[in-house]
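Colleague: Before I ask anything, let me first share the structure, which is written out below as structure tokens.
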Amino acid sequence: MLKQLRPVAALTGATLFTASLSPTSSSPSSPPAQCAWGSFPSADPKADPLDDYPYFSPWHRSAMRRNMTPDIYAKLLPLKTSTGYTINDLIQCGCSTGYTLPRNMGVMTGDPECYTVFAPLLNPIIRDYHDFSESSQHVTDLDPTHLKKLNQQDLDPKKKYILSSRIRVSRSIEGIPFPAAASRSQMRRVESLTERACQYLSGTLSGMYVHLNDMTNEENDDLIQRHILFDNPDEWATQAGLGRNWPDARGVYMNVHDVDANPDFIVWINEEDHLRIMVLQKGGNIFHVFEQLVAGVNEIERGLNKQGAKFLHDDRLGFVTGCPTNLGTGMRASMHVKLIHLGSKPGFKDMCKRMGLEVRGKHGERDNRNSGIFDISNRHRLGYSEVELIQLVMDGVRTLIELEQKLEKGEDADCSKMFNAV
Ligand code: ADP
Ligand code: MG
């Protein structure tokens with residue numbers, strides 16, 4: 001039986017990050033390891049850095065692969081952040097799985113310092129992936145009333161096409177390394193801070209926190225199948241360092257008091273980010289979903305503030321997250337849409353891409369099957385405000401439904417020719 005709201009561990013002071021460039025090879029405080037068979041320096045200071053250069057096949061197609069050069073690698077190889085994160089940690093997920101999984105960023109940061117220490121690689125990647133330059137400034141807009149009036153209602157009142165709407169935002173807690181580099185105790189601190197912040201939630205947001213440690217495999221699988229819980233780490237997540245110490249300090253908060261009930265406000269702890277806060281509801285009223293999400297996020301932030309903690313936010317990059325795909329808004333606004341005809345047309349996914357939309361399968365990013373039901377969401381997260389992106393998803397889904405209706409009537413819709421890139 002799942003436990004509810006376990007007592008929270010005592011809080012300790014947060015360590016703040018200070019940007020530092022410390023060469024690993026010349027550090028006098030780390031003598032080579034000694035054992036009966038000799039000593040093994042972690043890196044030979046005289047070795048050519050290119051002897052360590054990663055192998056890339058023609059199937060490595062991530063933004064990291066496109067922007068990595070031997071010069072950048074050689075320059076970044078001796079550096080590490082204050083959590084000890086190196087260029088090799090940063091790129092491992094893009095080296096091992098570049099050609100087997102549909103992840104196309106190819107890096108995972110371990111702490112916010114990575115964005116300055118490894119800027120010669122990360123800035124071009126961010127420009128490439130988000131079309132966001134070093135002089136660009138991200139703007140946050142979490143005010144639902146800024147959405148066009150037209151969109152402040154259900155997109156599919158007859159409930160024929162849109163099954164459900166979900167908006168999630170990623171958030172990090174300032175002063176704690178991201179899940180790819182955090183120690184057990186640091187992850188437990190994220191968990192206890194969040195668990196306690198959730199205890200302040202009241203009314204329709206009040207509920208229970210469930211630890212992965214306390215679930216049976218069946219309970220875990222049931223929550224995943226019901227779209228309430230994140231998946232267990234796959235090969236990409238493991239290579240990105242996200243599977244370390246799994247399932248310690250991972251859990252989910254839900255605004256229900258019984259696991260068999262269906263929550264609509266959910267918080268994930270220590271999956272890919274410290275927090276993923278989301279609202280998931282049946283139907284197509286994404287305006288309502290956004291309103292509830294903002295209310296919940298604000299409540300959690302207040303709960304963290306009461307404990308002396310806060311969300312990590314940067315003037316230029318917006319909300320700062322482990323994976324650079326989620327910088328800025330950290331937001332993915334998605335709708336499960338039934339597009340039986342349109343979804344089978346050649347060029348459907350590319351057309352959605354040109355519309356600024358991403359297409360996933362019914363079970364999320366690892367699901368590429370065509371079940372006739374697609375997860376349609378914003379492709380961009382950085383450089384556009386939350387309101388702009390939700391507007392784009394609403395306009396896009398409305399257009400997709402109109403195209404589906406044309407096809408239902410026997411008219412044609414040529415996906416390869418429609419829409420210019422956003
Ligand atoms: P993210 O990484 O943005 O949180 P994933 O693709 O990993 O999203 O999916 C996580 C879970 O959320 C999956 O179970 C997926 O099916 C579910 N999900 C995403 N959008 C919706 C939606 N609109 N309705 C129902 N479930 C959704
Ligand atoms: Mg995911």
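Colleague: Using a cut-off of 9 Å between beta-carbons, work out the net charge of the residues near ILE376 (Lys and Arg +1, Asp and Glu -1, ILE376 not included).
Modeller: With Lys, Arg at +1 and Asp, Glu at -1, the net is -1.
Colleague: Given the -39500 (n - 2.57) contribution per DSSP H run of 4+ residues, what per-residue ellipticity at 222 nm results for the chain, rounded to the nearest 500 deg cm²/dmol? Can you show the working numbers first?
Modeller: Values: 11 runs with 119 residues, N = 422.
Value at 222 nm, helices only, nearest 500: -8500 deg cm²/dmol.
Colleague: Also, quick follow-up: Assuming R0 = 25 Å, what is the FRET efficiency of VAL422 and ARG184, from their Cβ-Cβ distance, to the nearest 0.05? Walk me through the numbers before you get to the answer.
Modeller: Working: r = 42 Å, r/R0 = 1.69.
Efficiency at R0 = 25 Å is approximately 0.05.
Colleague: List the lysines whose Cα lies under 25 Å from the Cα of LYS345, skipping any in the same chain that are fewer than 8 positions away.
Modeller: Qualifying lysines at Cα under 25 Å: LYS158, LYS159, LYS160, LYS353, LYS362, LYS406, LYS409, LYS417.
Colleague: Report the net charge of residues surrounding ASN420, where surrounding means a beta-carbon distance below 12 angstrom and charges are Lys +1, Arg +1, Asp -1, Glu -1. If you can, show how the numbers build up before the last one.
Modeller: On the way: positive: LYS353, ARG354, LYS417; negative: none.
Result for the local shell: +3.
Colleague: Using 0.36 nm per residue, how much length does the chain from ASN104 to ASP154 gain when fully extended, once their Cα-Cα distance is taken away? Please list the in-between numbers first.
Modeller: Numbers: separation 50, 0.36 × 50 = 18.00 nm, distance 3.28 nm.
Result for the pair: 14.7 nm of gain on full extension.
Colleague: In region 100-143, which residues have a backbone nitrogen under 14 Å from the label point lying 7 Å from ASP315's Cα in the Cα-to-Cβ direction?
Modeller: Flagged as within label range: 135-139.
Colleague: Shifting gears a bit: Dipole size in debye (nearest 20) for the chain around its Cα centre, Lys and Arg Cβ +1, Asp and Glu Cβ -1?
Modeller: Numbers: 47 positive and 52 negative charges, 92 e Å.
Dipole about the Cα centre, nearest 20: 440 debye.
Colleague: Percent of Cα-Cα pairs per 5 Å bin, from 0 to the last occupied bin, for region 49-130, please list those.
Modeller: Spelled out per bin, shortest first, that is 3, 16, 29, 28, 18, 6, 0.
Colleague: What is the helix-to-structure angle for 286-306, meaning the angle in degrees between its Cα long axis and the longest Cα principal axis of the chain, kept from 0 to 90 and rounded to the nearest 10?
Modeller: 30
Colleague: Same structure again: Using a 1.4 angstrom probe on the protein heavy atoms only, could you order THR321, THR69 from most to least accessible area? Present the calculation step by step, with values, prior to reporting the outcome.
Modeller: Numbers: THR321 0, THR69 55 Å².
If we order THR321, THR69 from most to least accessible, we get THR69, THR321.
Colleague: Counting Lys and Arg as +1 and Asp and Glu as -1, what is the net charge of the other residues whose Cβ lies under 9 Å from the Cβ of ILE277?
Modeller: Net charge in that neighbourhood comes out at +3.
Colleague: With a point put 7 Å past each Cα toward its Cβ, work out how far HIS257 is from ASP51 in nm, to one decimal.
Modeller: 6.6
The values are calculated or read from the model by the stated rules, or taken from the named source; none is laboratory data. Please read these numbers as outputs of a predicted model, since none were measured by experiment. Positions of Cβ are backbone-derived with ideal geometry, glycine not excepted, and every protein chain shown enters the neighbour counts. With ligands, DNA and RNA removed, areas are computed over all heavy atoms of the protein, side chains included. Shrake-Rupley method; radii C 1.70, N 1.55, O 1.52, S 1.80 Å.
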